[in-house]
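Quick notes on the structure that follows.
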Amino acid sequence: MAATGAASTSPTGAASTTPTGAASTTPTGAASTTPTIRVGIGGWTFAPWRGIFYPEDLTQKRELEYASRQLTTIEINGTFYGSQKPESFAKWHDETPDDFVFSLKAPRFATHRRILAEAGESIERFIASGVLELKHKLGPINWQFAPTKQFDEQDFDAFLSLLPKEAGGRALRHAVEVRHESFRNEAFVALARKHGVAIVMAGDSKYLQIADVTAPFVYARIMGTSDASERGYDDDALDLWTARMQTWASGGQPAGLETVAKPGTAGKSPRDVFLYVISGFKERNPAAGIALIERLKRG
């Protein structure tokens, strides 16, 4: 049964939604009393959002400040294409509410390579690039692989072994986003579970869907928004994704999603949930995220 939602609002106005009565993990890895459900978007700079999501008179330099008070997480995608300055991470930390969390897309230089076992230097360079300047606002790191990358059990095991569990005294959480059909494999799910790494769940998407829970948190990216609704999704779809998030948070497995491993192998511990409204009709993604947060507040 899905957990019920209780919403809290920070002094800065950002709501974070927590199902009640369960244990979870904070962004730093320390135990807390309830799992947290966070909903957000990919990035915050997108010209068509101006006048639709962002007020007409809002200056571009205040867009992150505004977005972080309407949503509870944002996936930074600029880190996928190149290094960011430590000063940028520190600035993003300072512009957002205290209970806000960023996820990061890891650099493609680490994942878009023939031999993943040789990615150690790229991984170390990324972790040392200044990401820790986000402090407690550093959430999961998404390691996204090319659609052409096929599953090689030995090589992928070596890659997952390279992902650091902590840096600078801060626990790190990792997710892997795979898109080739060869990953629909119980051995892959077992590897992710062995390393405590989440498999990114692609929803309403052309990409491979693996909804097996393999970590103490769930990382979902849903891609089905359209211009048919002002909120990107119709009410039924918004209700469905809300219920799925609550089910994940309470330790369950939502129905209607594709899994690979045998039922019951994921365990039933409560989990933090990160859901990002990505791609689709991008102009509507912030509205969809806000609509999901509103439903979570209602429980």
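None of the figures in this text is laboratory data; all of them are computed from the coordinates on show. Please read all numbers here as calculations on a predicted model, not as lab measurements. Glycine also receives a Cβ, built like all others from the backbone with ideal geometry; neighbour counts cover every protein chain displayed.
The table for this structure:
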| item | result |
| --- | --- |
| Total charge dipole magnitude, the chain, about the Cα centre, Cβ charges on Lys, Arg, Asp, Glu only, Debye to nearest 20 | 340 debye |
| Sorted peptide list for 180-186, 71-77, criterion being average Cβ within 10 angstrom, highest first | 71-77, 180-186 |
| Centroid-to-centroid separation of region 37-52 and region 173-243 [C-alpha atoms, Å] | 19 Å |
| Estimated [θ] at 222 nm from DSSP helical runs (n ≥ 4, -39500 (n - 2.57)) normalised by residues in the chain, nearest 500 | -7500 deg cm²/dmol |
| Lysine-lysine proximity count for region 5-298, Cα under 20 Å, sequence distance 8 or more or distinct chains | 22 |
| Cα gyration tensor category, rounded, prolate or oblate, for region 63-206 with a/c compared to 1.5 | prolate |
